[in-house]
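Colleague: Before I ask anything, here is the structure I am working with.
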Amino acid sequence: MQQEFWSVYEDGRKIADCGWERDAMNLCSMRPNRTYRKNKYLLDQVIDITATVDKQLPGQQGLPAGKIRVEGQELDIQQSLPESELIHFRV
């Protein structure tokens, strides 16, 4: 496993990280004022991260059931789509 990578800088601001030196050199050749620097991975560091659940907005529960008006009355519609015929494909 490669334990190093190259960072490309333009006017002191990092613009990219490259896994290969030739890629960093290629980026530097595209514009003046770009430089690159070799960095090493720190393999002995372990970072523990705990997952958090984001709260959902109240409107993300789904759409309400449909309603139809018939002669001034509202009726609830609980129709489901008809099932399609099952077709088996052989590979």
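Colleague: Need a quick list: strands (runs of 3 or more DSSP E) entirely within the chain having at least 1 residues that are modelled with pLDDT under 70.
Modeller: 67-70, 73-76
Colleague: Among the residues of the range 15-38, write down those that are exposed (fewer than 12 other Cβ atoms within 10 Å of the Cβ), among the polar types (S, T, N, Q) and in contact with an Asp or Glu (Cβ under 9 Å, 6 or more places away or on another chain).
Modeller: N33 - this is the single residue of the range 15-38 that is exposed (fewer than 12 other Cβ atoms within 10 Å of the Cβ), among the polar types (S, T, N, Q) and in contact with an Asp or Glu (Cβ under 9 Å, 6 or more places away or on another chain).
Colleague: Output the qualifying pairs, or none if there are none: Cβ atoms under 6 angstrom, residues six or more apart or on different chains, first residue in the range 37-52 and in contact (Cβ under 8 Å) with a residue 12 or more places away in the chain, second residue aromatic (F, W, Y) and not in a loop (DSSP other than H, G, I, E, B).
Modeller: As it stands, the answer is K38/W6; N39/F5, since those pairs meet every condition given.
The values are calculated or read from the model by the stated rules, or taken from the named source; none is laboratory data. No experiment lies behind these values; they were computed from the predicted model shown. Reconstructed Cβ throughout: ideal geometry from the backbone, glycine too, with neighbour counts over all protein chains shown.
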